[in-house]
Structure formats: structure tokens, C-alpha cells
Amino acid sequence: EEVRSLNFIEHIIEEDLRNGYAPTSLRFRFPPEPNGYLHVGHASSICLNFGLGLRYNAPVNLRFDDTNPAKEEKEYVEAIKEDVAWLGYEWDTECYASDYFQQLYDWAVELIKQGKAYVDSQSSEEMASQKGTPTEPGKNSPFRSRSVEENLKLFEGMKNGDFKEGEHVLRAKIDMASSNMLMRDPVMYRILHKPHHRTNTDWCIYPMYDWTHGESDYIEQVSHSLCTLEFLPHRELYDWFLDQLVSKNRLRPKQREFARRNLSHTIVSKRKLLQLVESGVVAGWDDPRMPTISGLRRRGYTPESIRNFAETIGIAKRDNVVDVSLLEFHVREHLNKIAPRVMAVLNPLKLVITNYEEGKEEWLEAENNPEDDSAGYRQVPFSRELYIEQDDFREEGNRKFFRLKLDGEVRLKNGYIIKAESCTKDADGKVIEVQCTYDPKSRSGSGTEESLKKVKGTLHWVSIPHAVTAEVRLYDRLFTDPTPGAHKDKDFMEFINPDSLEKVTGYLEPSLKDAQVGDQFQFQRMGYFNVDKDSTKEHLVFNRTVPLRDTWAK
Ligand code: ATP
Ligand code: MG
Ligand code: MG
């Protein structure tokens, strides 16, 4: 168990416990609307709520906030469940706000009977024009004084499908002069002749968020309903609705707010992410460039890395932007521990070892993961013709260039010390081949004096006749701007990075030929990579999860 100080939500809970809440009365929920895939912002809310569940040994519900059939789909429900489970959390009960439609309707009828709700038959424009401003009170609707009987009849008619969309709404009768605009007779129900992914055509009136959320919390007996800061002004309404309904012997939920998590160089809004998908800028919700949980998973992020990221940042009371490099730090840190090391060349330059016998091959021992003693060793083939990276050779280099230069020596990882003797260039002057000699006594691990000789540079390499080819997808940030969604005068789509995906052919050591979808590796000196779901036995596809931080430190 990690040692960290309590966050402000935990302080609230601790105080409630001191003031008489039974520990067994604690219950939390994560309440996504199934109108898109979850993103890294949601991961904060998931880690917060499920983290509280673990800390206090309390149940956490997964509640689908499915009150808008126009935007919600079963596909999203399934994706959300998969993502929460993948992050490593177990929910107590799978709940749907739509399961409460009848109860909510009955309560609304109750409010009408108490004179606290009425059917308004004005257009939404008329209602908006009467709302007033934060400093000026609004005007009462001419329908505000309808009789209880008439309201009951109209509301039933709304439910029975007697009216068209927009003909009537049900409003709470609160206070058109309230300083909180949300208290000025908010709409509770609207008519929508749309089938719902769960209730089908049972209903043609749908409850609004504010009427649904607190009541759902109450039905489920959620003790602490945690939401993002934009709901702070909604709290008064949340409480008002509960005031009308809560019975003395049942727990009364509390809404508390924390800051939304924003991540630099990306977008965390399902609506905008949907726009990226629909416009074809990305290949789908799980495109590895997407900040969705499914995109991060496909990219090679691990649940641990996302949880550690969320835990490290914690939660805040004020909106903030977290640098995406912090997320990258956490995935590197985790993959460093678990990813086997392999050699792959992504930008090949042919190297010929002139004093190595033609047609000969030998298999060298290579350590799979120096961070993991149990990972063992594998064999890597060596031969006269190898690939190294283009960037690892220069005809001349200064004293800080520790890679290969003419007349200079480097060690080939797990292999021999070589010396570059000459090179061949094409018509444009580009080096296309390097001729080297090797020291046969210098093989790593052979124990000879030569094998212990210190040379400054170590290069990765792949034997050409043994190399396995693969499509390697190199990703860059999807947006060129650190806060693409925060510009008043510019649409976030203007900041799309046209070079966010580069596809190259990689040459891999043959141990990778049977790599399975999802398998993760460190391509030594290049970064962390995983096998993409597009990969087949005939056509391997790798994603770069993240480069190594100090790619070319040597
Ligand atoms: P979006 O704009 O992406 O649709 P949302 O808040 O409407 O976000 P919901 O499905 O309603 O999406 O969110 C489920 C829960 O996750 C809510 O409690 C919400 O407050 C929380 N959440 C959503 N986005 C973030 C974020 N960026 N940081 C922290 N929590 C978030
Ligand atoms: Mg929401
Ligand atoms: Mg939303």
C-alpha cells in the first residue's frame, strides 16, 4: 500500500465517518453516458471512484446515464464495460438510469400533485426568452399556474405519445427569480419520439440529467456522488429534487465536485472525439493516436501505467492541464519492467563484415530483460551481412559521436566489436553500404580479454538473411497545439498534425516472427512497441507505444 496524503474527497468522507456515517453505508458510482468511448479523462474519474471503493471496502456501481436516446448506443455500453474491466476494476452492480424511468415518472406525478411541477406548452425559444439573466429575474410562464388536474392529464398525454416533440415539457416549479439560473423552473422531461437502446419504444418522454442523476443516486443509495466541477451550480438543484423525495430512514446522497482532467496536445470530449472518428481523421475510436482507453490499449499502454498516472496526479479542485509527457513517463516506467528486449532496425543501412566467412551463421546469446531475472535468454543469429540504423553511421563524427564512423570501433549488441573501414555511396552521395572488419575474439560473454575491452558505443543490428520484416507504425501527437480544444476563435480540427502517423518497414530479429497481437517489446534503443490488431502471420504490424526517453543518448 502506497503512502500518500488524503485527497480532499477522502477528507470529506473521513469527516462523514467521524460524524456518524456507518462505514457500510459508503457506496460510489461511475456514471458514464453511453454516447462514446471512454477517454483518459474518464480514467481519472474511474480511478477516483473505484479507488475509493477499494480504500473503504465499499461497493461501486457502474451506472449508465442513458437518458438521451438520440446519442446513445449499445456499442458504447459494451465498450465502456470492457474498458473499466480492462483498467482492473470490478463494479458491484451494473445499473442503467433507464431502469428507473417508471420510478422517475411516478415521482414526477407526485411532484405535480404537490404543485411542484407543471407542464409548459411554450416553445423552447419562448422559455429561453423568459429565463432572465444572472442579474435580472426571469418571467413566469403563462402555464405556470395550470391546475394539478390539467398538469396530470397533459403529462399523461405526453407519456402516451399524444403530442409531437417540442409541444410540451414538464418543468419543476421552483423560483424564476433565483440567483442560480438552473433553479429557474428547470425542464424535467421532454418529448422525444426516438427508440431507446434498452427501453425501445416504451417511452417517448425522457427525463433530463438533473432530474435523473440525483434520483438515480438515491435509488442506488450512493453515499457520495462525485462529478466534475461544471456541475457545482447544479448541486442546489440536485439537493432541491432530493428534498422533495428523501424519506427519513434512507441515506441521502451528496454531490461533490472535482476538477476535470485535461491532457496537453489532446482532446478529452466525447463529442469532439466522435468528430475525429466521423471525419475519418483517425481510423476509429481505438485508433492508437486517440486518447480513448481503447486507443491507449491498442497503442500498448498498460492498465497499470494509466492507473499510476491517475494516482500520481491525484484530483484537484481547479481545472488544469496535465502534460501528456507524464502519461508517457508512466508507460515507459512500467514497460521497462515487463517488456522483453529485442533488436529491430527501422531505417536500415547495410553493413558487410569483410573478414567474416560468407555463408556462415552463429547464434549469439541475448538477455531478454535485464530488469527481470526470470526473463531468461534467447538466441540471435549473426552473419556477414547485417542491418544497422542509418543514423548510427557517419563517415566522420566528432568526439561525442559514439556510434560508428570510419576508422572507429563500436560493439554490436550481444556480439562483436567491429571497425568501419570504408563505405559505398549512391549517385546522390548517400551512404548505402559500410564495410567493416570484426575482431573474432571480442564476442560478448566469451570471457576473453578482447570481449572485455571497453568501447564507447553499442549498436543494435539485425542479420539480413535472418531478418523478419514488419510494418511499423510510428505515431506522433495528433495535435500540433498544446491545448487544441481551448481556443475561442479556432476550431480544434485546425490543429490536426498531418504527420501523426508514419509507416515504415522494420527489419526484426527472427524471434519476433511468432509475436501475437498485444505482445509488447522494447526494440532496443528505439522505444516500446506492441503487435497491432491488424497484424497477421504473413504481415506483422507493430505500433510504437512510446520512444525511449533518451533515444540517442549514446
Ligand atoms: P464528455 O464531454 O467527454 O462527454 P462527460 O462528462 O459528458 O464528458 P460522462 O460520460 O458523463 O462524460 O462522464 C462520466 C463521468 O466521468 C462523469 O462523472 C464525469 O464527470 C467524469 N469525467 C468526464 N470527463 C472527465 C475528465 N476529463 N476528467 C475527469 N473526469 C471526467
Ligand atoms: Mg455527462
Ligand atoms: Mg457528455
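Label point of residue 390 set 7 angstrom out along Cα-Cβ; within region 313-354, amide nitrogens under 20 Å from it belong to 344-352. Mean silhouette area of region 100-207, derived from the convex hull of its C-alpha atoms and averaged over all directions, reads 6.6 nm². Spin-label pair residue 153-residue 194: with each label point 7 Å from Cα along the Cα-Cβ axis, the two points sit 3.1 nm from one another. Sorting 363, 211 by the number of Cβ atoms found within 10 Å of their own Cβ, with the fewest placed first, yields 363, 211. Size descriptors for region 463-554 (Cα atoms only): Rg and Dmax, in that order, 16.4, 56 Å. Under a model in which nothing but the beta-carbon of Lys, Arg (+1) and Asp, Glu (-1) is charged, region 343-466 shows a dipole of about 380 debye around its Cα centre.
For residue 542, the residues whose modelled amide H falls within less than 5 Å of its own, excluding neighbours fewer than 5 places apart on the same chain, are 471, 472, 473, 532. Footprinting exposure proxy ranking of 385, 72, fewest other C-beta atoms within 10 angstrom first, gives 385, 72.
Calculate the dipole size of region 1-137 relative to its Cα centre from +1 charges on Lys and Arg beta carbons and -1 charges on Asp and Glu beta carbons; express the result in debye to the nearest 20. Mind showing how you got there, number by number?
Values: 12 positive and 25 negative charges, 77 e Å.
Roughly 360 debye for region 1-137.
Neighbours of residue 223 by Cβ distance under 12 Å: Lys/Arg scored +1, Asp/Glu scored -1, total +3. Computed over the chain, relative contact order equals 11 percent, with contacts defined as Cα pairs under 8 Å that lie 6+ residues apart. The residue 123 and residue 243 beta-carbon pair, evaluated with R₀ = 41 Å, returns a calculated FRET efficiency of approximately 0.85.
Considering only the other residues whose Cβ falls under 15 Å of the Cβ of residue 185, what net charge follows from Lys and Arg at +1 and Asp and Glu at -1?
Values: positive: 116, 131, 139, 144, 146, 171, 173, 184, 190; negative: 120, 126, 175, 210, 236.
So the surrounding residues net to +4.
Taking the empirical scaling 2.2 N^0.38 Å for compact globular proteins as reference, region 22-102 has a Cα radius of gyration ratio of 1.09.
The trypsin sites (Lys or Arg not before Pro) found in region 358-400 that occupy coil by DSSP, while having at most 16 further C-beta atoms within 10 Å, are 360, 399, 400.
What is the order of 541, 148, fewest Cβ neighbours within 10 Å to most? Can you show the working numbers first?
Numbers: 541 18, 148 13.
In increasing order of surrounding Cβ atoms, one gets 148, 541.
Find the Cα radius of gyration of region 96-147, compare it with 2.2 N^0.38 Å by division, and give the number to two decimals. Please list the in-between numbers first.
Values: Rg = 14.2 Å, N = 52, 2.2 N^0.38 = 9.9 Å.
Ratio of Rg to 2.2 N^0.38 Å for region 96-147: 1.44.
With the crude spin-label approximation of a point 7 Å out along Cα→Cβ, what separation in nm comes out for residue 471 versus residue 90? Those two pseudo-labels are separated by 4.0 nm. Below 8 Å between Cα atoms, with a sequence gap of 6+, how large is the relative contact order for region 100-207 in percent? In percent, rounded to a whole number, it is 27.
Region 90-166 and region 365-421 have Cα centres spaced 72 Å apart. Count Lys and Arg as plus one, Asp and Glu as minus one, and take only other residues whose Cβ is under 10 Å from that of residue 409; the net charge is then +3. Approximating the spin labels as points 7 Å out from Cα along Cα→Cβ, the residue 102-to-residue 499 distance works out to 6.1 nm. Please compute the alpha carbon radius of gyration of region 343-466, then divide it by the globular-protein estimate 2.2 N^0.38 Å. Two decimals is fine. That works out to 1.05 for region 343-466.
Altogether, the Stokes-Einstein calculation at 37 °C and 0.692 mPa s, with the Kirkwood radius of the chain over Cα pairs as Rh, returns a diffusion coefficient of 119 µm²/s.
No lab work stands behind these numbers, since they all come straight from the coordinates. The shown structure was predicted, so the numbers you read here are calculated from the model rather than taken from an experiment. When we count neighbours, we look across all protein chains shown, and the Cβ atoms used for this are built from the backbone with ideal geometry, even at glycine.
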